[in-house]
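*Asks:* The following block contains the structure, expressed as structure tokens.
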Amino acid sequence: MFSNSTGRSGLPNVSVDGPAGAGKTTVARSFAQEVGFRHIDSGAMYRAVTLSALEDGRWDVTGSDDSILVFLARNLDVAFDSDPGGVQRVLLGGIDRTEDLRSEAVEEAVSLVASSAEVRTALMDRQRELAQNGGVVMDGRDIGSHVLIDAGLKVYLTAALPVRIARRLMQRRQNGTAITWENAASSVINRDRIDSTRAVAPLKPAPDAVLIDSTHLKRCDVVRQMKFMLRDRLNENRGG
Ligand code: DC
């Protein structure tokens, strides 16, 4: 089954897509730790381009010229590391910018950056490169549908809107942002709208993705389900 879907390590890749606040990154990180795969948060790459553009200062957020964004995406010096607790750290130009990637300014502008077709192409190439050896769990919006179409296991993780808003609110507050429910709600709704209506690679489940609704599930339950699925896929593969 994985004849076309494994990298050189012989291990499949796993994609985790879904809307904002569904818990993709947390689930993907725990799952990767438990199965010994490498976790890549592709959203962090879009955030990294956004942060670089905001700091660069030449990008006009209200304009239609994305040439600076494309330049920054093509030359992005991004690296993923993890701290002793296994939490992903994102290095930009060798400097740990993990917290800055979650800032209000980045949060507001990132969907716009992610709707540029050329930025997406540049980042997709990087994402494929990172996953070429297999054994990667990558989370995002278009990983199963566009980036890793041969992934051995594709999960589309969602949750009811109020739950996603509550999760986003908690996450932002933990990061030290003073944010109201109304702000968190409009940010999630706005993000969903842009991500799912953009012309290129809009958010939608890959036809062969397994849908998991985490509205009433704890993270460990989702991770457990995914481990069963991966084991089944690996057994199918071995058993032919
Ligand atoms: O998952 P996140 O909130 O960190 O994603 C940040 C933004 O990047 C969000 O607007 C969706 C976009 N994104 C995307 O379009 N494709 C991906 N593979 C990952 C993220």
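The values are calculated or read from the model by the stated rules, or taken from the named source; none is laboratory data. If you're wondering where the values come from, they're calculated on a predicted model, not measured in any experiment. Cβ sites come from the backbone with ideal geometry, for glycine too, and all protein chains shown count toward neighbours. Keep in mind that these areas ignore ligands, DNA and RNA; they rest on the heavy atoms of the full protein, side chains included. Shrake-Rupley method; radii C 1.70, N 1.55, O 1.52, S 1.80 Å.
*Asks:* Cβ contacts < 7 Å: first residue outside any loop (DSSP other than H, G, I, E, B), restricted to region 114-126; second residue open to solvent by 50 Å² or more (accessible area, probe 1.4 Å) and not small (Gly, Ala, Ser), any location; separation 6+ or different chain. Result?
*Replies:* Ala117/Val200; Arg120/Val200; Ala122/Arg74; Met124/His146
*Asks:* With Asp195, Asp213 as the choices, which residue is more than 15 Å from the ligand (Cβ to nearest atom) and in contact (Cβ under 8 Å) with a residue 12 or more places away in the chain?
*Replies:* When all the criteria are applied, what remains is Asp213.
*Asks:* Would a scan of region 64-84 turn up a residue that is surrounded by 12 or more Cβ atoms within 10 Å (Cβ to Cβ), part of a strand (DSSP E or B), within 14 Å of the ligand (Cβ to nearest atom) and polar (S, T, N, Q)?
*Replies:* Taking every residue of region 64-84 in turn, none turns out to be surrounded by 12 or more Cβ atoms within 10 Å (Cβ to Cβ), part of a strand (DSSP E or B), within 14 Å of the ligand (Cβ to nearest atom) and polar (S, T, N, Q).
*Asks:* Kindly provide the set of residues from region 164-184 that are part of a helix (DSSP H, G or I) and either modelled with pLDDT under 90 or closer than 18 Å to Lys24 by Cα (or both), ordered by number.
*Replies:* Of everything in region 164-184, those that are part of a helix (DSSP H, G or I) and either modelled with pLDDT under 90 or closer than 18 Å to Lys24 by Cα (or both) turn out to be Arg164, Ile165, Ala166, Arg167, Arg168, Leu169, Met170, Gln171, Arg172, Arg173, Gln174, Ala184.
*Asks:* Which is within 15 Å of the ligand (Cβ to nearest atom), open to solvent by 30 Å² or more (accessible area, probe 1.4 Å) and over 21 Å from Leu130 (Cα atoms), of Asp60, Asp100, Asp56? Lay out the reasoning, then the answer.
*Replies:* Values: Asp60 fails: within 15 Å of the ligand (Cβ to nearest atom); Asp56 fails: within 15 Å of the ligand (Cβ to nearest atom).
Selected residue: Asp100, the only one of Asp60, Asp100, Asp56 that is within 15 Å of the ligand (Cβ to nearest atom), open to solvent by 30 Å² or more (accessible area, probe 1.4 Å) and over 21 Å from Leu130 (Cα atoms).
*Asks:* Moving on to the next point. Which one is nearest to the ligand (Cβ to nearest atom) among residues in region 85-97 that are assigned to a strand (DSSP E or B) and exposed (fewer than 14 other Cβ atoms within 10 Å of the Cβ)?
*Replies:* If we take residues in region 85-97 being assigned to a strand (DSSP E or B) and exposed (fewer than 14 other Cβ atoms within 10 Å of the Cβ), then Asp96 is nearest to the ligand (Cβ to nearest atom).
*Asks:* Suppose we keep only residues that are surrounded by fewer than 19 Cβ atoms within 10 Å (Cβ to Cβ) and part of a helix (DSSP H, G or I) within region 147-163. Which one would you say is farthest from the chain's Cα centre (by Cα)?
*Replies:* Per the stated criteria, the residue is Pro162.
*Asks:* How many residues does region 176-192 hold that are of a type in the set (S, T, N, Q), within 15 Å of the ligand (Cβ to nearest atom) and surrounded by 14 or more Cβ atoms within 10 Å (Cβ to Cβ)? Spell out the reasoning first.
*Replies:* Of the residues in region 176-192, the ones of a type in the set (S, T, N, Q) are 177, 180, 183, 186-187, 190.
Keeping just the survivors that are within 15 Å of the ligand (Cβ to nearest atom) gives 177, 186-187, 190.
With surrounded by 14 or more Cβ atoms within 10 Å (Cβ to Cβ) added as a condition, the list becomes 177, 187.
Residues that pass the stated criteria total 2.
*Asks:* Continuing with the same structure: Looking only at residues that are of a type in the set (S, T, N, Q) and open to solvent by 20 Å² or more (accessible area, probe 1.4 Å) in region 31-52, which one is modelled with the lowest pLDDT?
*Replies:* Only one residue fits best here, namely Gln33.
*Asks:* Quick one: in region 114-140, of everything that is under 18 Å from Asp192 (Cα atoms) and open to solvent by 40 Å² or more (accessible area, probe 1.4 Å), which residue is nearest to the ligand (Cβ to nearest atom)?
*Replies:* Applying the filter and picking the extreme gives Ser115.
*Asks:* When region 196-219 is examined, which residues are found to be in a loop (DSSP other than H, G, I, E, B) and open to solvent by 100 Å² or more (accessible area, probe 1.4 Å)?
*Replies:* Once the filter is applied, which keeps residues that are in a loop (DSSP other than H, G, I, E, B) and open to solvent by 100 Å² or more (accessible area, probe 1.4 Å), region 196-219 yields Ala199, Lys204, Pro207, His216, Lys218.
*Asks:* State whether one or more residues within region 22-29 are away from the ligand (no atom under 16 Å from the Cβ), among the hydrophobic types (A, V, I, L, M, F, W, C), closer than 24 Å to Ile149 by Cβ and assigned to a loop (DSSP other than H, G, I, E, B).
*Replies:* Within region 22-29 (the criterion being away from the ligand (no atom under 16 Å from the Cβ), among the hydrophobic types (A, V, I, L, M, F, W, C), closer than 24 Å to Ile149 by Cβ and assigned to a loop (DSSP other than H, G, I, E, B)), the answer is no, since none of the residues qualifies.
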